[in-house]
Amino acid sequence: MSADEVLLRDEWTSYGFINRARPANLTISLADYGLRAARDIEAGEELTLDYKEHGMPAVYLGSEHGRYLR
């Protein structure tokens with residue numbers, strides 16, 4: 001993917017159950033786009049992901065869809 005593209009899915013995925021936080025306790029592996037623990041996660045702890053960890057195109061961040069990431 002280029003720096004001007006955003007990967008979006010048009011159906012519900014398990015990522016929908018992960019909230020955004022900085023710092024997050026999960027990270028996305030660029031090798032296989034799988035989720036990995038960024039640190040030890042306690043039982044019952046909310047799973048969090050930093051959606052901007054690997055960068056987001058400015059055009060997306062400036063759009064109506066990306067407003068929640070600003």
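Coordinate-derived values only; no laboratory data. Just so we're clear, the structure is a prediction, and the values are computed from it rather than from any experiment.
Quick notes on this structure:
- Quarter of the Cα convex hull surface for region 29-70, i.e. its orientation-mean projected area (nm²): 4.1 nm²
- Under-5 Å amide H pairs with A21, H placed in peptide plane, nonlocal only: L49, D50, Y51
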